[in-house]
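Below: one structure, written as structure tokens.
The values are calculated or read from the model by the stated rules, or taken from the named source; none is laboratory data. These figures come from a predicted structure and were not determined experimentally. We place every Cβ from the backbone using ideal geometry, glycine too, and count neighbours over all the protein chains shown. To get the accessible areas, we keep the full protein, side chains included, count just its heavy atoms, and leave off ligands, DNA and RNA. Shrake-Rupley method; radii C 1.70, N 1.55, O 1.52, S 1.80 Å.
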Amino acid sequence: MRVLLTTTSFQDTPGLHHRKLEDAGWEIVKVRGPLDEPALIESLDGIDACICGDDAFSRKAIESAPRLRCISKYGIGLDRIDLAACTDAGIPVLYTPGVNHVTVAEHVFLLILALHRKLIEHAASTRAGEWKRLTGSELNGKSLGIIGLGRIGSSVARLGQAFGMRLFGHGQHWDEDFARSVGLIRTTTPEELYARADVISLCTRLTPRNRGMIDAAAIDRMKPGVKLVNCARGGLVQVPALVAALRTGQIGGYAADVLEEEPPPPDHPLLREPNCIITPHIASRTVENVVRQACAAIENLSRALSGREPLAQANPEVSHCRAP
């Protein structure tokens, strides 16, 4: 059994997951992802299964790998995997919900605090030998709007409560008991949330329906000077509209751990904006979470290859791995 491993945090972080992978008895082929379509097609040659990150599993890539039997996603984002093509090919797509919400929510608040307290400017100026003292702002009493109220969004709400923020939420998932426990107010539309939030956190998965949801019209409905944080997917935001709003001050700061193209080209417009913070897709990259996530991905793959039910599957209509 030849298993392709592409995730760099899995490979680079020591821990229990390496022993579990070794104990599985598979032949491991390590490549450093995320892989674009041509690189993935080349890497899938002779591969039976894959533990993947954000690699481009297009229909072309899937159809080029007749030996591929199973894809185990290290994480929860599936927008880079053509699920329909995998289902057509009889390939189960597994993923790991419920492991990274604490880690990602902490990163959301790292970015929120960095924007409000001008952390990057202060640290950079002090390192440069200056003593620049800018005035920041508190989170206490501010309104936090959360788009997407799954595990990550709910964890962000808990932290917002701890910081004394007023909480507004919008999303398909809604737990009334949880909302009551943290003081979360439901908004019926995104526009209502935009009008009420001083800070907006995007915590929703990317779908064809919400791609580019943060466009010029949405931004115009937000409070002047709103802070926007995106640890979900880069495709939720229309970059030209965002850049224009950063320059006018309609958006007072943007912080993101995700971009549509990763890594970005050197001339990416967001990299030049002074009131913008971009981190390199590391919100889930903590020692604790890498071990949790990697062990779940290994467990998923082991179960599926042995005919047992996986922990979580994105296309449950494929009930078994195809024959080798």
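For segment 268-278, a residue qualifies if it is without any contact (Cβ under 8 Å) to a residue 60 or more places away in the chain and β-branched (Val, Ile, Thr), and exactly one does: Ile278. Collect the residues in segment 94-109 that are in a helix (DSSP H, G or I) and not aromatic (Phe, Trp, Tyr), keeping them in residue-number order. Listed by number, the residues that qualify are His101, Val102, Thr103, Val104, Ala105, Glu106, His107, Val108.
Identify, please: which residue in segment 215-235 is in contact with a Leu (Cβ under 6 Å, 6 or more places away or on another chain) and without any contact (Cβ under 8 Å) to a residue 60 or more places away in the chain and is, among those, surrounded by the fewest Cβ atoms within 10 Å (Cβ to Cβ)?
Gly234
Residues of segment 62-74 that are surrounded by fewer than 21 Cβ atoms within 10 Å (Cβ to Cβ) and either assigned to a loop (DSSP other than H, G, I, E, B) or in contact with a strand residue (DSSP E or B) (Cβ under 9 Å, 6 or more places away or on another chain) (or both): Ser64, Pro66, Arg67. The set of residues from segment 26-61 being under 16 Å from Ile91 (Cβ atoms) and either in a strand (DSSP E or B) or under 18 Å from the mean Cα position of the chain (by Cα) (or both) comprises Ala49, Cys50, Ile51, Cys52, Asp55, Ala56, Phe57.
Please verify whether Leu5 is of a type in the set (A, V, I, L, M), open to solvent by 40 Å² or more (accessible area, probe 1.4 Å) and within 21 Å of Glu299 (Cα to Cα), treating the condition exactly as stated. No, not satisfied.
Within segment 73-110, the set of residues being touching a Gly at 6+ places or on another chain (Cβ under 9 Å) and among the aliphatic types (A, V, I, L, M) comprises Ile76, Val99, Ala105.
If Asp36 satisfies all but one of (1) surrounded by fewer than 15 Cβ atoms within 10 Å (Cβ to Cβ); (2) without any contact (Cβ under 8 Å) to a residue 24 or more places away in the chain; (3) over 24 Å from Thr207 (Cα atoms), what's the number of the condition it fails? Status for Asp36: all satisfied but (3). Restricting Arg180, Arg205, Arg158 to residues that are in a helix (DSSP H, G or I), open to solvent by 80 Å² or more (accessible area, probe 1.4 Å) and over 13 Å from Gly145 (Cα atoms) narrows the list to Arg180.
Okay, residues lined up against (1) assigned to a helix (DSSP H, G or I); (2) aromatic (Phe, Trp, Tyr); (3) without any contact (Cβ under 8 Å) to a residue 40 or more places away in the chain; (4) surrounded by fewer than 20 Cβ atoms within 10 Å (Cβ to Cβ):
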{"site": "Pro240", "(1), (2), (3), (4)": "yes, no, yes, yes"}
{"site": "Ala244", "(1), (2), (3), (4)": "yes, no, yes, yes"}
{"site": "Gly253", "(1), (2), (3), (4)": "no, no, no, no"}
{"site": "Val258", "(1), (2), (3), (4)": "no, no, yes, no"}
{"site": "Pro266", "(1), (2), (3), (4)": "no, no, yes, yes"}
{"site": "Pro280", "(1), (2), (3), (4)": "no, no, yes, yes"}
{"site": "Ser284", "(1), (2), (3), (4)": "no, no, no, no"}
{"site": "Ala294", "(1), (2), (3), (4)": "yes, no, no, no"}
{"site": "Ile298", "(1), (2), (3), (4)": "yes, no, no, no"}
